[in-house]
Ligand SMILES: CC(C)(COP(=O)(O)OP(=O)(O)OC[C@H]1O[C@@H](n2cnc3c(N)ncnc32)[C@H](O)[C@@H]1OP(=O)(O)O)[C@@H](O)C(=O)NCCC(=O)NCCS
């Protein structure tokens, strides 16, 4: 898809905060139960950032993990994109903090596109390298969602967690790398999932409220629909069929949504990466974190076709197919 240039993921890293918050902690003060949360979402626990730990800190830790695993991976990186919905501040962009921290020469900007932001950023990095604007791009997804949750809203507080993930996108050997991207948005669903920090007027007509708002039922229906359409489109664009997909790494929001997508694709559970039980929904960090765990567990080998898909606020969606390895 790049006119003879194969581009893929050269290095990967991720980080989740130390503090584990189990479902039982919600039982202590909310009208909810571990049983309800596990049955409806598959989530058992999530990681919560420390009081003084913000999105940039999680991004730094993810990049440090990447460097530990792939020393020298930042050589030749000409820019940083950080996909996040919870930047430390509206500006400067969190990517600038990452750029300074690691002494990267080049551009730095944030990308806001709901949970699929990291996949959007991968697509942008891919396009930039293909266009000769950069040799390599560092693509980070990081979220401190715990900072914007309404901890008294049982319908949202139990769903999310904090984490960071990072990848370096650049040239790989022929036959490896990205085979397709699908990016989409439907802004008519803007009111179903939002967080306002500086907006005086929200899509539902109310004014600024500093908390995440979600219509879970609508987002659920939307998610099941776009997970199906986006994955099938990405597989077709890649010139493959669902049976060719060795490993499916879906956005980790809800086990029932993952199961619906898995079933539609006809994939056995052995080919699906699931860690929503341990991290909840970490938004833009969700896919890199799951991808890294799958690589570490030896579940993804050179030459495997890997399918990624995500959905989220916007409403947005994205999917990609890549052939792993070739670095
Ligand atoms: C949020 C979600 C888990 C709710 O599950 P659900 O089976 O759809 O449940 P419903 O929304 O139909 O709510 C059923 C009842 O459970 C209640 N409920 C919601 N959260 C609850 C909780 N943590 N504990 C107990 N009850 C809860 C609701 O208030 C509702 O009660 P009511 O019938 O008295 O009004 C589900 O809709 C979902 O996962 N949606 C997608 C969310 C998502 O992925 N967001 C991230 C996008 S990136």
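Assorted remarks:
- Hits in segment 272-309 - residues which are in contact with a helix residue (DSSP H, G or I) (Cβ under 7 Å, 6 or more places away or on another chain), farther than 26 Å from residue 174 by Cβ and part of a helix (DSSP H, G or I): 276, 279, 283, 284, 289
- Restricting attention to segment 307-327, the residues being surrounded by fewer than 24 Cβ atoms within 10 Å (Cβ to Cβ) and closer than 17 Å to residue 269 by Cα number 0.
- Hey, residue 303 farther than 13 Å from residue 322 by Cα, surrounded by fewer than 21 Cβ atoms within 10 Å (Cβ to Cβ) and either touching a residue at least 40 places away in the same chain (Cβ under 8 Å) or not assigned by TED's automatic domain parsing to the domain that holds residue 159 (or both) or not: no
- In the set (1) part of a loop (DSSP other than H, G, I, E, B); (2) surrounded by 23 or more Cβ atoms within 10 Å (Cβ to Cβ); (3) more than 16 Å from the ligand (Cβ to nearest atom), residue 43 fails one condition alone, (3).
- The number of residues in segment 136-157 that are within 16 Å of the ligand (Cβ to nearest atom) and surrounded by 24 or more Cβ atoms within 10 Å (Cβ to Cβ) comes to 5.
- When 318, 230, 260 are checked against the criterion of being outside any helix (DSSP H, G or I), within 16 Å of the ligand (Cβ to nearest atom) and at pLDDT 95 or above, a single residue qualifies: 318.
- Residue, nearest to the ligand (Cβ to nearest atom), within segment 3-29, restricted to residues that are surrounded by 15 or more Cβ atoms within 10 Å (Cβ to Cβ) and assigned to a loop (DSSP other than H, G, I, E, B): 23
- The sole residue among 277, 296 that is within 23 Å of residue 39 (Cα to Cα), surrounded by fewer than 21 Cβ atoms within 10 Å (Cβ to Cβ) and modelled with pLDDT of 95 or more is 277.
The values are calculated or read from the model by the stated rules, or taken from the named source; none is laboratory data. Every value quoted in this text rests on a predicted model; they were computed, and no experiment measured them. Glycine gets a Cβ as well: all are built from the backbone with ideal geometry, and neighbour counts include every protein chain shown.
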